[in-house]
Each structure stands twice: as C-alpha cells, then as structure tokens.
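Chemist: Before we start, here is the structure in question, set down as structure tokens.
The values are calculated or read from the model by the stated rules, or taken from the named source; none is laboratory data. All figures in this text were calculated on a predicted structure; none of them were measured in a lab. Methodologically, a virtual Cβ is constructed for each residue, glycine included, from the backbone with ideal geometry; neighbour enumeration extends over all protein chains shown. These area figures cover heavy atoms from the full protein model, side chains too; ligands, DNA and RNA do not enter into them. Shrake-Rupley method; radii C 1.70, N 1.55, O 1.52, S 1.80 Å.
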Amino acid sequence: MTHGILRLTGVRRLRDLLHHCFKNTPAGGAALLLSLAPAQGGEIWVTNEKDDTISVISTDTLEVIQTYETGERPRGVTFSQDYSRLFIAASDSNAVQVMDPDTGKILNDLPSGEDPEQFVLHPDDVHLYIANEDDAITTVVDTISRKVVAQIDVGVEPEGMAVSPDGKIAITTSETTNMAHWIDTETQELFANSLVDSRPRHAEFVKDGTEMWVSSEIGGTLTIFDTATQAEKAKIGFEVQGVHPDRVQPVGFELTTGDTHAFVALGPSNHVAVVNAETYEVEDYILVGRRVWHMAFNGDRSQLFTTNGVSGDVTVIDVASRKPIKSIKVGRFPWGAAYRPTP
Amino acid sequence: MGVFSRSWVAVTVALFAPASIAQAELSLHVGYLEVEQDLPPTLSNLDPVPEDNGIAGALTGLQDNLTTGKFLGHSYEMTHVTVPLGDDPLAAATALLSQTPYLIIDAPAQTLVALADLPQAEGALIFNATAGDLDLRDTDCRANLFHTLPSDAMRTDALAQIFVQKRWRDLAMITGTHPQDVSYAEAMRRSLTKFGLRLEAEKEWVFDADMRRNASQEVPLFTQEFGDYDALILADELHDFGRYVLYNTWAARPVTGSEGLTAVTWSPVIEQWGAAQLQSRFEDAHDRDMTSQDYAAWAAMRTLGEAVTRTNATDGETLRRYILSDAFELAGFKGRPLTYRDWNGQLRQPIALAHPRALVAQAPLEGFLHQINELDSLGLDRPESQCEAFQ
C-alpha cells in the first residue's frame, strides 16, 4: 500500500494517507483506522468448482492476482472474523479445508460430513454450520478443536445456510424438501420448519436479524420471514424482459449498506435484480455473465462481484450506478465469493 | 433376454421417520404395479436391463417424500406388486386398488388403458412410468392416467430440433421390427414433418446374423444404398442392432435416434441443475446408474409427495386438482419447474440430448419459441391433442 500512494488520486488518496499515518499508532489511531477500514483495498476470493482452485481478485486493480489450489469441487467459502483463516467447502473431497490466506497453504481439514456445500460461521467465530448435501444433515463443527459438535437431521439436499447476528438461530434450507429449517443453536435442535417455493438455495438474516430471507431457484421467488414468529411476511417475484419466467432463478443474494437494497443473482437469466428491502419491490435488473450464482461486496460495498458459473467469469457491478463495469476471467465454474481487506 | 419369473408378491415398504420429530397426522399409501414383459433377445448382452428398473426410482422418491414428510407429520408407504408373465395384471391391479387409489405402473400401453378403465380405478390417480406411446396421450387418454415418462414424440421432437439447429435436413432411417421400434419410427416421421425436415430414405433391419462378428462387413453395404444424407436415424428401441451401426456406415455421417446422439428422459451424464445430487443419492441406494424409467417413477412418487406437502391433504380430488393447477411445480433436476399438461396429463419436461459420455444439449433448444411455454414445443401441444378426458 505505501508504495502505491503516489499513484492514487482524490478521496482514495486521502483515505490511504490516513490509513498509512495511523497504521502504527495505538488506541485512538486504531479506532479511527477501524472506521475507515472498509474503504481500504481488498480482495475477493472466488472458488472455481470445476478447476479445484481459488482465484484471488484485487478490488483495486480488478485483476486476478493469485490462484491457489484447493480440494475437489470447492464451493462455499468464508473467512474467519480476523481474516486469518479461510474456510473452503471442498465438496468432492468431503472436507472443509482451512487455508492460510497469506500463503495459500492448507492448514488442516475439518471433519465436515459428506459432501459439504455451503456453510456459515457463527458470530462466536468458532462454530461452523455446514450443509451436507448428500446426507440430509447439517453438521456443526468446532473449528478450533476440529470436532463435530452436533449433527442435525434436515430435509433432502440441504444447501443454504445462515445464522442470526445474535447467534441464537441458524438456518438450513433443503432443496428437495423445499423448507427453511430453524435451528436453536443452544440445543442444536430444530424448532420450526417453514415451507418455501421449490429449490431453496440461499438464506440470509436481514435488518439486524429481524427478517430472514430465502431464495427459491425453481420457484423463482424470494420469501421473507419475520424472525420472531417465523411467519411469512412477503414474497418477491422477478420478471426479466425477454427471458422465460422458468429461467429466472434466484440463487445467491447480498444486502447493501444499511440493508436498504438486496442484489439477487438470477441464475440462467444472466441478470442480477436490485430489490428495495423496504418496499420489497424490484427496482432494477443488471445484465451480468452467464448463470450468475453467488456474490460478494468489496469493503465499503461500493462494488459487487458476482460469480458467473457458465461463462467462467466474475462481473464487477458499480453499486451506486447499478452498472456492470468489468468482467474478470477466473477458473471454470466460479461458485462462491468472499471478501477480505488487504492485509 | 428374458425376465426372471417371480411369484406374484406384494412387498410393502414402510420407512418411518424418527418419531421424535412429528407424529404422523397424514399418511399416503402408494401402490407400485410391475407387469413383467417378455423382452426379445438382443444381439448383445453388454447392457442388461436392471431387475429393479423403475421401482428403484420409486424407492428413492419414497425416501425423499419421507424425509420431507417427517417435518410436517406426513408419512408414506409403498406396496410393490409384481405380476409374472402369464398372470392377469388386472386382477393384481384390482387388488391393489382396493388398498389405495394412488398407483405407479410399469406396464405396456394396452394394459394401462384396461387398468385405467377398471370400475375400481374411478377417481384413482394412476401414473404411467414406462410407456412412451403417443396414443396414451391422445385418443387413448384417460382422466385418471398421468404420464411422467415423456411420450416418444417428445423425444423425437427434441432430436428434430437439434437436426434443424445443425441443418441436418436430409435424414435416413433404419427401423427395427419390434412394436417399440415401429412406434418410435412413427413418432420420428411425425417429428420430421412437424419441423420441416426430409426423410430421404428408410430401410428395415431384417438381419438375424450376429453383428458382433460381421457388423464391419454387413453395415457398410446395408447403408451404401442410402446415397447422401446428413444424419442416420436408428429406430432400435430395444437396443438390438443399433450399437453395431456406429462407425460402420458407408458414408461418414452422425448416427442418432436410439443410439449415438439420443434424446432421453434421463441419463447418468446429466450433472447440471443439481442432478449430480439425485444421481449420487440414487447410486448410493441402488448401486447402479439411474435410468429413464427410474426417473419417471421417481417423478411420479415425488409428484404425489409434493401435492401432499403443499395441500396437506390425501384425498384424490384435492391432489388431482392441485397437480393439474398452476400452483404445482416439481423441481426435477432439469433446470426448470416441471408441470403437467392439463389437456392430457403429460408431465412437461426438458429432454436431454446425450451420448453415453456427455450431455450435448437440452431441448427445447434456444430459438424454438412457443406462445405459452417453450416446453410445449415438444410432444402433443394443446391444439394437436385429441384427448378430451381432461376437459
């Protein structure tokens, strides 16, 4: 970063200068640095399902700066809270791999159960909730002791995973059973099951955890639940001009700063929808690469990176203008994406 | 290859979910009727038809239903009845219908029609999982008879679409003599006309020699008379001679139809759209690849499960209405929701165009438009169907 300052301009340059100045100062400086942290440079880590690799994209240059090998068929991906460890669901290796993101070395494998697909890290930074797609099970693993803490029976083909910000509730969605399963993280037992439209793929807690959203790929909808009552609050449909409704398939989604808008990947319709999270209305559709799957924001959420499975690339969307600004070639069948600030 | 004769046995499979989750409040009983058929011998035994063809798919569907049902207080059980050669399938069907109105059937077309016409079958929901005959979806349709296996016409339309896309306009065809071959050839001629293609030449396969030894000598001569053409179609639905035609034709042309580039309901090479999960679930349970018949039986079982899940009911009228409604959709690992044609009870579905090593394309192909649903560019569309039972 320090060597690059002269080449930066405007706001970013000021930000980076501040960053540079405070980097080594204690207490007050660190606090200021924290509040500025999201604006600094960063990386998007993308799993390539059919290349058994991870591509690392710089959010500054929008180029692939590194490619690391992983286990077989890497899909779900997430960082520990301090970004010192990267968890990778290597589905066909039947393991969750822990990578040192600074070296790309695999530190160890976690006992994940069969065919791990997606997972979510509990706010305690210790427990990983893993969907075992082939076994209709959600496995809870202690990432420190590397022990399985619990295995919970869920519906057929569990996939989407979410955990509430307070850590009390975990969600597993099952693709063939078509349900969101509500897990009490204290007892590791189900306390509710909510039917949704066909093939639920992704879940997120929204608005400080007061709402829980689930996308249904084949149903073509996004269902919004009230977390306190688990009652259905709203359902959002999509309509992309010139694309048959059957091919408009919501998959991954992410919320902008303040949870005002959701960006929703619509699979083989090759579009990302922008949903107003207050009115639940769809405001925009953005054309991206083919079969858009999952996504991750950069640090200040000014840019969104979508994984496009079939075209083997990542589309960068400028969040403010809602325009695609670049396609970045990665490996074959990019699947998951995770952000980390530049160390 | 003959089918082993077994005594007429009914096996009830009742897998119950752990009681801790929910007490079963609703229970659905499904009957699976397998009428054994005498298969004529084929030139090669390289790919025997699995003994549990079809029923294995129903079992996987049952397992899927049970897993879902345990969260809702719904339980499912299945009774499997096999009718050996020579026994009366209608007697077995009558006995089964006295236990449940929900049947999945593995039987030839004429048995299906007779079964659907039984007085005991009134108000029943019967799923045809193995017969592709077009008449069953047309003049011989019945209000209580649904079809999860695509009609032969859906498959031949899928091939015709790829012929159009690839500009293979002049076709030649070799037809076998078994009723299934004749029926397939008829469906193919219809498809070629529908999509404006030409059948330049056609020959019947009448050899009785063993092609494993002399295909390289016989087939070039046999196909030399065809002259020039763009692709060769084989109507060999029992997979008798077709495998020996590939790479032995006089002209170097692609082989398609029953061998080579095939249009199939299901194939082990389908891995997109989450299909890899269904394939591995099936393989783990049954130690073999999933066939088209397995898929159709799975889809029938899952149709019933999905209807019970969504309606919270088990009465025939509610389930039938729901299955035919716009609200019904089955996630069938084919990339789009599967629904039923409300004019003849056929499950709408994409058709895989595949060779044994990979998926080539999936019909409907891009560019084949339809005013309502592109999937209806395959098979009998509403205006073409003469079925009146669903009106």
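Chemist: Can you name every residue in region A:233-284 that is open to solvent by 60 Å² or more (accessible area, probe 1.4 Å) and either assigned to a helix (DSSP H, G or I) or within 14 Å of chain B (Cβ to nearest Cβ) (or both)?
Modeler: Once the filter is applied, which keeps residues that are open to solvent by 60 Å² or more (accessible area, probe 1.4 Å) and either assigned to a helix (DSSP H, G or I) or within 14 Å of chain B (Cβ to nearest Cβ) (or both), region A:233-284 yields A:235, A:242, A:245, A:247, A:257, A:258.
Rundown of residues vs (1) under 19 Å from the mean Cα position of the chain (by Cα); (2) within 21 Å of residue B:391 (Cα to Cα), yes/no style:
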position: B:119; (1), (2): no, yes
position: B:146; (1), (2): yes, yes
position: B:151; (1), (2): yes, yes
position: B:155; (1), (2): yes, no
position: B:160; (1), (2): yes, no
position: B:171; (1), (2): no, no
position: B:183; (1), (2): yes, no
position: B:188; (1), (2): yes, no
position: B:207; (1), (2): no, no
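Chemist: Right, something else. Tell me whether region A:218-230 contains one or more residues that are within 13 Å of chain B (Cβ to nearest Cβ), charged (D, E, K, R) and open to solvent by 30 Å² or more (accessible area, probe 1.4 Å).
Modeler: no
Chemist: Restricted to region A:97-114, and to residues that are in a loop (DSSP other than H, G, I, E, B) and open to solvent by less than 10 Å² (accessible area, probe 1.4 Å), which residue is nearest to residue A:85 (Cα to Cα)? Show your work before the answer.
Modeler: Our first condition is that a residue be in a loop (DSSP other than H, G, I, E, B); within region A:97-114, this holds for A:101-104, A:111-114.
Next cut, open to solvent by less than 10 Å² (accessible area, probe 1.4 Å) only: A:101, A:112.
Values: A:101: 6, A:112: 16 Å.
Applying the filter and picking the extreme gives A:101.
Chemist: Return yes or no: is residue B:151 buried (at least 22 other Cβ atoms within 10 Å of the Cβ), touching a helix residue (DSSP H, G or I) at 6+ places or on another chain (Cβ under 6 Å), free of Cβ contacts under 8 Å to residues at least 40 places away in the same chain and not charged (D, E, K, R)?
Modeler: Taking the combined requirement at face value, the residue does not satisfy it.
Chemist: Cβ-Cβ below 6 Å, separation at least six or inter-chain, first residue in region A:105-134 and within 14 Å of chain B (Cβ to nearest Cβ), second open to solvent by 50 Å² or more (accessible area, probe 1.4 Å): which pairs?
Modeler: Close Cβ pairs satisfying both conditions: A:114/A:94; A:114/A:135; A:132/A:114; A:134/A:114.
Chemist: Taking the conditions exactly as written (modelled with pLDDT of 95 or more, more than 23 Å from residue B:49 (Cβ to Cβ) and surrounded by fewer than 20 Cβ atoms within 10 Å (Cβ to Cβ)), does residue B:308 satisfy them or not?
Modeler: It is false that residue B:308 is modelled with pLDDT of 95 or more, more than 23 Å from residue B:49 (Cβ to Cβ) and surrounded by fewer than 20 Cβ atoms within 10 Å (Cβ to Cβ).
Chemist: Just need a number here: residues in region B:202-229 that are in contact (Cβ under 8 Å) with a residue 40 or more places away in the chain and open to solvent by 50 Å² or more (accessible area, probe 1.4 Å).
Modeler: Qualifying residue count for the region: 2.
Chemist: Also, quick follow-up: With more than 9 Å from chain B (Cβ to nearest Cβ) and not aliphatic (A, V, I, L, M) as the only criterion, which of A:177, A:173 stands out?
Modeler: Result of the check over A:177, A:173: A:173.
Chemist: Another question, if that's okay. Regarding region B:182-200, can at least one residue be identified that is among the charged types (D, E, K, R) and open to solvent by less than 50 Å² (accessible area, probe 1.4 Å)? If you could, list the steps in order and put the result at the bottom.
Modeler: If we filter region B:182-200 for residues that are among the charged types (D, E, K, R), which is where we start, we get B:186, B:189-190, B:194, B:198, B:200.
Then drop every residue that is not open to solvent by less than 50 Å² (accessible area, probe 1.4 Å), which leaves none.
No; the residues of region B:182-200 include none that is among the charged types (D, E, K, R) and open to solvent by less than 50 Å² (accessible area, probe 1.4 Å).
Chemist: Separate question: Within region A:311-336, which residues are more than 14 Å from residue A:287 (Cβ to Cβ), open to solvent by less than 60 Å² (accessible area, probe 1.4 Å) and in a loop (DSSP other than H, G, I, E, B)?
Modeler: Pass one, region A:311-336, residues more than 14 Å from residue A:287 (Cβ to Cβ): A:312, A:314, A:319-320, A:328-336.
Add one more test, that the residue is open to solvent by less than 60 Å² (accessible area, probe 1.4 Å), and what stays is A:312, A:314, A:319, A:328, A:330-331, A:334-336.
Scanning region A:311-336 gives A:312, A:319, A:330, A:331.
Chemist: Now for a separate question. With respect to residue B:131, determine if the residue is touching a helix residue (DSSP H, G or I) at 6+ places or on another chain (Cβ under 7 Å), open to solvent by less than 10 Å² (accessible area, probe 1.4 Å) and outside the structural domain of residue B:246 (by TED's automatic domain parsing).
Modeler: Working: touching a helix residue (DSSP H, G or I) at 6+ places or on another chain (Cβ under 7 Å): yes; open to solvent by less than 10 Å² (accessible area, probe 1.4 Å): yes; outside the structural domain of residue B:246 (by TED's automatic domain parsing): yes.
In short, yes.
Chemist: Out of B:294, B:326, B:315, B:287, which single residue is closer than 20 Å to residue B:32 by Cβ and open to solvent by 40 Å² or more (accessible area, probe 1.4 Å)? First the steps, then the outcome.
Modeler: On the way: B:294 fails: open to solvent by 40 Å² or more (accessible area, probe 1.4 Å); B:326 fails: closer than 20 Å to residue B:32 by Cβ; B:315 fails: closer than 20 Å to residue B:32 by Cβ.
None of the others qualify; the one that does is B:287.
Yes or no, residue by residue, for (1) of a type in the set (Gly, Ala, Ser); (2) at positive phi; (3) assigned to a loop (DSSP other than H, G, I, E, B):
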site: B:99; (1), (2), (3): no, no, yes
site: B:104; (1), (2), (3): no, no, no
site: B:123; (1), (2), (3): yes, yes, yes
site: B:126; (1), (2), (3): no, no, no
site: B:135; (1), (2), (3): no, no, no
site: B:139; (1), (2), (3): no, no, yes
site: B:146; (1), (2), (3): no, no, no
site: B:149; (1), (2), (3): no, no, yes
site: B:162; (1), (2), (3): no, no, no
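Chemist: Looking at region A:175-195, which of its residues are touching a residue at least 12 places away in the same chain (Cβ under 8 Å) and in a loop (DSSP other than H, G, I, E, B)?
Modeler: Here is the first cut: in region A:175-195, the ones touching a residue at least 12 places away in the same chain (Cβ under 8 Å) are A:175-186, A:188-190, A:192-195.
A:175, A:176, A:177, A:178, A:185, A:186, A:188 - these are the residues of region A:175-195 that are touching a residue at least 12 places away in the same chain (Cβ under 8 Å) and in a loop (DSSP other than H, G, I, E, B).
Chemist: Please work out if residue B:40 is within 14 Å of chain A (Cβ to nearest Cβ), modelled with pLDDT under 95 and over 15 Å from residue B:130 (Cβ atoms). Spell out how you get there, then give the answer.
Modeler: On the way: within 14 Å of chain A (Cβ to nearest Cβ): no; modelled with pLDDT under 95: yes; over 15 Å from residue B:130 (Cβ atoms): yes.
No: the conditions fail for residue B:40.
Chemist: Sort out which residues of region B:60-81 are more than 14 Å from every other protein chain (Cβ to nearest Cβ) and not β-branched (Val, Ile, Thr), and write them in order of number.
Modeler: Of all residues in region B:60-81, those more than 14 Å from every other protein chain (Cβ to nearest Cβ) come to B:75, B:77-81.
B:75, B:77, B:78, B:80, listed by residue number.
Chemist: Could you figure out which of (1) among the charged types (D, E, K, R); (2) in contact with a Phe, Trp or Tyr (Cβ under 9 Å, 6 or more places away or on another chain); (3) open to solvent by 20 Å² or more (accessible area, probe 1.4 Å) isn't true of residue A:211?
Modeler: Looking at each condition in turn, residue A:211 falls short on (3).
Chemist: I'd like the full set of residues that are surrounded by 22 or more Cβ atoms within 10 Å (Cβ to Cβ) and closer than 16 Å to residue B:263 by Cβ, limited to region B:238-251.
Modeler: Matches in region B:238-251: B:242 only.
Chemist: Is it true that some residue in region B:315-330 is outside any helix (DSSP H, G or I), under 25 Å from residue A:251 (Cα atoms) and aliphatic (A, V, I, L, M)?
Modeler: Yes, there is a match, as at least one residue in region B:315-330 is outside any helix (DSSP H, G or I), under 25 Å from residue A:251 (Cα atoms) and aliphatic (A, V, I, L, M).
Chemist: Please work out if residue A:118 is of a type outside the set (Asp, Glu) and surrounded by 21 or more Cβ atoms within 10 Å (Cβ to Cβ).
Modeler: Criteria met by residue A:118.
Chemist: Let me ask something additional. Among (1) under 27 Å from residue B:65 (Cα atoms); (2) β-branched (Val, Ile, Thr); (3) modelled with pLDDT of 95 or more, where does residue A:218 come up short?
Modeler: Failed condition: (3).
Chemist: Looking at (1) acidic (Asp, Glu); (2) within 11 Å of chain B (Cβ to nearest Cβ); (3) in a strand (DSSP E or B), find the lone condition where residue A:204 falls short.
Modeler: (2)
Chemist: Something else: Quick check on region B:260-267. Is at least one of its residues away from every other protein chain (no Cβ under 14 Å), farther than 30 Å from residue B:331 by Cβ and modelled with pLDDT of 95 or more?
Modeler: Going residue by residue through region B:260-267, those that are away from every other protein chain (no Cβ under 14 Å) are B:260-267.
From what is left, the residues that are farther than 30 Å from residue B:331 by Cβ are B:260.
Keeping just the survivors that are modelled with pLDDT of 95 or more gives B:260.
Yes, some residue in region B:260-267 is away from every other protein chain (no Cβ under 14 Å), farther than 30 Å from residue B:331 by Cβ and modelled with pLDDT of 95 or more.
Chemist: Considering only region B:334-362, state which residues are more than 9 Å from chain A (Cβ to nearest Cβ) and in a loop (DSSP other than H, G, I, E, B).
Modeler: B:334, B:339, B:341, B:342, B:343, B:344, B:345, B:348, B:349, B:350, B:356, B:357
Chemist: Same structure, new question: Please go through region A:207-217 and give me each residue that is away from chain B (no Cβ under 14 Å) and outside any loop (DSSP other than H, G, I, E, B), ordered by number. I'd like the intermediate steps shown before the answer.
Modeler: Start the filter on region A:207-217 by keeping residues that are away from chain B (no Cβ under 14 Å), which leaves A:207-214.
Across region A:207-217, the qualifying residues are A:211, A:212, A:213, A:214.
Chemist: Here is a follow-up. Kindly indicate which of A:144, A:152 is over 17 Å from the mean Cα position of the chain (by Cα), more than 9 Å from chain B (Cβ to nearest Cβ) and part of a loop (DSSP other than H, G, I, E, B). Steps first, please.
Modeler: On the way: A:152 fails: part of a loop (DSSP other than H, G, I, E, B).
Within the list A:144, A:152, the selection yields A:144.
Chemist: Restricting to region B:229-245, name every residue that is assigned to a loop (DSSP other than H, G, I, E, B) and either in contact with a helix residue (DSSP H, G or I) (Cβ under 9 Å, 6 or more places away or on another chain) or modelled with pLDDT under 95 (or both).
Modeler: Once the filter is applied, which keeps residues that are assigned to a loop (DSSP other than H, G, I, E, B) and either in contact with a helix residue (DSSP H, G or I) (Cβ under 9 Å, 6 or more places away or on another chain) or modelled with pLDDT under 95 (or both), region B:229-245 yields B:230, B:236, B:237, B:238, B:239, B:240, B:241, B:245.
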